[in-house]
């Protein structure tokens, strides 16, 4: 009866007025509103409204999505996601806006360094321990576990996830894709020049619901190197650190499925001891070159350089934006408000560096050492796509799609 009354009242309102009101409402409330009437339910879950809500500029509701590990027993950790408000310029005034979430479907509690967050892309985030992969909408709390890759190694060979996982959106095919770059070598590894090693690239198409091997030029494909907080989705392409004749940024365009390389600035050499991180500064791809943790720090040699690429993909457009004091840290985490660089210390503390003033201070956040990952997140209603059936080894298998709605009333 109440639903019928609500539907009757909704019909008396102008459609544009209703949509304009709903666009000002956060996701948590919109999900509750879906229970009020069928009209609201159909409107809020429609693709037109989801796109309008995703592209709205009425409310600046960007949050910091923070992944960290909390030690609960010897060698046992809880991995949680926290939502922090970034509206205030005071970095020590970050406040949680939702209760913490436990990372779904990644059940191992004995390792805290291997959980990665990949994204966001249209409000979706991929969570992985490099074995399991979960596609997750943190705003709606819906998620889906991807099936494991069916491709197996030969006997006495091992597969290593060198570059981790890439995730993005193909706007032509209207499909989300996952890219895994791995290296297969003899187990145990021999570590000599003639060792039998090969790289593999696998792609998972979410609409199809299956993995496929991607063919590439084996002679020119570079070796991918993992740095904490380097991989990034930018301009429809995913980016990794890699080695060819020198250090490069390896890019994979999700739509064209073409790999290409971006040369790093001339100060980045193949055998230097620097570490690297990619962020976005003033909407431009930005490379942070830092010393990491040094046993014998050199205050001159170990300066931190921050390079901005003014024109994406053009080597000549690299400019050195900042040079700041050495940062003997685990990794840069996030660039906030285009001037506050969040840093992860090796002890589990978070620090901030104000780039214009080079002022360093501690932030009131703590976790198990090396376990922080952070992204800027904008709440979206983007649904986690489903897949109904897959066929494997000529047998019909019903793939379970894990969708879980957390109680948003808490």
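Bear in mind these aren't lab numbers, they're just calculated from the coordinates by the rules spelled out. Every value quoted in this text rests on a predicted model; they were computed, and no experiment measured them. Heads up, the Cβs are rebuilt from the backbone with ideal geometry, glycines too, and the neighbour counts pull from every protein chain shown.
Could you tell me the calculated FRET efficiency between residue 245 and residue 23, based on Cβ-Cβ distance and R0 = 60 angstrom, to the nearest 0.05?
Taking R0 as 60 Å, the efficiency between residue 245 and residue 23 is 0.75.
What nm value, rounded to one decimal, do you get for the distance between residue 207 and residue 271 when each label is placed 7 Å out toward the C-beta?
According to this spin-label approximation, the distance is 4.8 nm.
What FRET efficiency comes out for residue 85 versus residue 151 if R0 is 41 angstrom and r is the Cβ-Cβ distance? Round to the nearest 0.05.
For residue 85 and residue 151, the calculated efficiency is 0.45.
Evaluate the distance, in nm, between pseudo-label points positioned 7 Å from the Cα of residue 70 and of residue 173 along their respective Cα→Cβ axes.
4.0
Listed highest first by mean packing, meaning other Cβ atoms within 10 Å per residue, what order do 24-31, 45-52, 302-309 come in?
So the peptides 24-31, 45-52, 302-309, ranked by packing, come out 302-309, 24-31, 45-52.
Give me the distance in nm between label points sitting 7 Å out from Cα along the Cα-to-Cβ direction at residue 221 and residue 363, one decimal.
3.6
If each residue of separation counts as 0.36 nm, what is the full-extension length gain between residue 55 and residue 370 once their alpha-carbon separation is subtracted?
Gain in length upon complete extension: 110.0 nm.
By how many nm would the segment from residue 198 to residue 46 grow when fully extended, if each residue of separation counts as 0.36 nm and the alpha-carbon distance is taken off?
Extra length from residue 198 to residue 46 when fully extended: 50.2 nm.
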